[in-house]
Amino acid sequence: MAQISAILGIDYGKSKIGLAIADQETKMAFAYDTIKNDGEFLRKLKDIIEKENIKTIVLGMTKHTNDEKSVQEKLDFAKMIEKEAEVNVVFQEEMFTTKMAQANIKMRGGKNIAALDDQEAARIILQEWLDQDKSQIST
């Protein structure tokens, strides 16, 4: 039986990287994990990509920003992942996703919002990408 490939959503931050996952079948994004943006993150990310059969990564990118440094960091991050993990990286607008994530967690009665908001923001980024154009998913 062929394994269904999955799509990984990433909310990239200087200290933490939020992850969300969706499979090709359901087109539903789920919060997955938050990993530290440290010397170990690339190895951890590559392990997740291999374990979950990730073919596409959806990386949150703010298009309406004057912070060119942040944009460049994300472009460099995307290039590195494409090269190191041999996956396709696409971008999805991420404006207000952290605020939306915090509101979602509060609404569900969640505690320790700061520990969960990165992966919930990644879930929102990924779900918006899935909803926006389901035809762009490659197998």
Kindly establish whether Gln119 is in contact (Cβ under 8 Å) with a residue 12 or more places away in the chain, buried (at least 19 other Cβ atoms within 10 Å of the Cβ) and among the polar types (S, T, N, Q).
yes
Complete set of residues in region 89-104 that are in a strand (DSSP E or B) and either out of contact with any Phe, Trp or Tyr (no Cβ under 8 Å at 6 or more places or on another chain) or charged (D, E, K, R) (or both):
Val89, Phe91, Glu93
Output the qualifying pairs, or none if there are none: Cβ atoms under 7 angstrom, residues six or more apart or on different chains, first residue in region 16-32 and without any contact (Cβ under 8 Å) to a residue 24 or more places away in the chain, second residue surrounded by fewer than 23 Cβ atoms within 10 Å (Cβ to Cβ).
Asp23/Ile4; Asp23/Ala6; Glu25/Ile4
Condition broken by Lys69, with the remaining ones in (1) in contact with a strand residue (DSSP E or B) (Cβ under 9 Å, 6 or more places away or on another chain); (2) at pLDDT below 90; (3) of a type in the set (D, E, K, R) satisfied
(1)
Can you say whether Ile21 is out of contact with any His (no Cβ under 6 Å at 6 or more places or on another chain), in a helix (DSSP H, G or I) and surrounded by 11 or more Cβ atoms within 10 Å (Cβ to Cβ), as far as the supplied structure shows?
no
Of the conditions (1) polar (S, T, N, Q); (2) touching a Gly at 6+ places or on another chain (Cβ under 9 Å); (3) free of Cβ contacts under 8 Å to residues at least 12 places away in the same chain, Asn112 satisfies every one except a single condition; which number is it?
(2)
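The values are calculated or read from the model by the stated rules, or taken from the named source; none is laboratory data. Here the structure is a predicted model, which means the values were calculated and not measured. Because the Cβ atoms are built from the backbone with ideal geometry, glycine has one as well, and the counts that use them run over all protein chains shown.
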